[in-house]
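Written out below as structure tokens is the structure these notes cover.
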Amino acid sequence: MKKMFTAVALATSISVPALAAPETYAVEGTHTYPRFEYNHLGYSNQVQRFTKTTGKVVWDRAAKTGEIEISIDATSVDTGYALFNQHIQGEDYFDTAKYPTITYKSTAVKFDGDKPVSIEGNLTIKGVTRPVTLAVTSFQAMPHPMLKKDAIGANATAKIKRSEFNAGKNAPYVSDEVTLTIAVEAIKQ
């Protein structure tokens with residue numbers, strides 16, 4: 001009887017899949033670029049980016065849960081024109097002297113099957129925090145071919161109004177609505 005109980009216990013432990021644990025990924029700053037797009041005087045849509053981003057992603061594949069924390073150095077804004085970089089770092093826009101960092105922290109991640117499709121969270125610009133939902137337009141999880149570590153990557157987008165973050169100068173001539181897009185890659189720690 002004791003041998004039979006041991007055999008059943010062993011068989012049960014083998015057939016039950018191991019539970020996955022949350023995995024932490026560090027944002028890879030050389031392949032992560034938040035961008036923002038706005039209409040300039042009705043002539044064209046301008047696209048600018050930030051070049052310094054850090055953060056982490058915690059992902060539990062089995063539980064289909066995730067957490068995202070992104071920190072953007074607002075002084076790294078890159079318009080392609082140094083004088084304009086300084087202009088939008090001024091008080092009327094990012095006010096980087098007082099608020100050098102833009103942050104996004106998730107509150108919920110929604111999945112469709114194994115892939116995230118939206119991320120609810122709080123965006124903070126100029127000390128103002130507002131809820132923003134990012135739509136995930138692509139997601140990939142696989143071993144990084146050069147680093148030989150697990151990696152994830154995604155593209156996500158949302159629309160915000162800059163006036164809601166005390167950065168609405170020149171609206172409506174320069175559009176109040178801004179499209180945020182982030183291309184992010186992260187490496188498993």
Exercise. Have a look at 186, 151 and point out the one that is surrounded by 16 or more Cβ atoms within 10 Å (Cβ to Cβ), in contact with a Lys or Arg (Cβ under 8 Å, 6 or more places away or on another chain) and over 20 Å from residue 35 (Cβ atoms).
Key: 151
Quiz item: Which one is farthest from residue 22 (Cα to Cα) among residues in the range 136-148 that are out of contact with any Asp or Glu (no Cβ under 8 Å at 6 or more places or on another chain) and surrounded by 15 or more Cβ atoms within 10 Å (Cβ to Cβ)?
Solution: 136
Quiz item: Can you spot a residue in the range 64-82 that is assigned to a strand (DSSP E or B), out of contact with any Ser or Thr (no Cβ under 6 Å at 6 or more places or on another chain), touching a residue at least 60 places away in the same chain (Cβ under 8 Å) and of a type in the set (A, V, I, L, M, F, W, C)?
Solution: yes
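Looking at the structure I just gave you, is residue 159 more than 23 Å from residue 91 (Cα to Cα) and of a type in the set (Lys, Arg)?
no
For residue 103, are the conditions met, namely being at pLDDT 95 or above and either in a loop (DSSP other than H, G, I, E, B) or surrounded by 14 or more Cβ atoms within 10 Å (Cβ to Cβ) (or both)?
yes
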Practice problem: Could you check, for the range 37-59, whether at least one of its residues is acidic (Asp, Glu), at pLDDT 95 or above and touching a Lys or Arg at 6+ places or on another chain (Cβ under 9 Å)? | Solution: no
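The values are calculated or read from the model by the stated rules, or taken from the named source; none is laboratory data. Not measured: the values here are computed from a predicted model. So basically every Cβ, Gly included, is an ideal-geometry build from the backbone, and we count neighbours across all protein chains shown.
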